[in-house]
Amino acid sequence: MNWNPFKRKTVEVPTLVVRHDEMNYALTMLADTFGDGMTADHTGAGFTCQEADSVARVLALAGHKREAATWLEGHASGDEGDDSHFIYKNERGDEGRVMDGDEIAAYVEELAA
């Protein structure tokens, strides 16, 4: 028997074919949904920072930076303490606050880079 436990079987990955126009339309619909201020305010805080960043990154990479920022502003409104979108004024952690609009816009630029 010639069995090698370290040899992997070659598995072919299926090719994903996505029509460009359909993907753009779907991403625009996603941006319209998550970039809506009411949706962002009412549901954003229910997402973890990592989840909110993932949604924002997809939107930003698809060219919907304004919607990504709106989404993160809604999410960040519920952030506190050790959350990603919460800033402290000094190293001791006194007087922290949620990122403001300009800081979120810069953060979205970083996500899209």
Checklist entry - Counting only residues 5 or more places away or on other chains, whose amide H sits under 5 Å from the amide H of Val98 once H atoms are built in the peptide plane? => result Ile87
Checklist entry - Once the other residues with Cβ under 14 Å from the Cβ of Ala60 are scored (Lys, Arg +1; Asp, Glu -1), what is the net sum? => result -2
Checklist outcome for this item: Mean 1/r over distinct Cα pairs of region 38-113, inverted to a Kirkwood Rh in Å, yields 12.3 Å
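Bear in mind that the values in this text are calculations on the coordinates, not laboratory data. In this text the structure is predicted, and so the values were computed from the model without any measurement. Cβ coordinates were reconstructed from backbone atoms using ideal geometry, including for glycine residues, and neighbour counts include every protein chain displayed.
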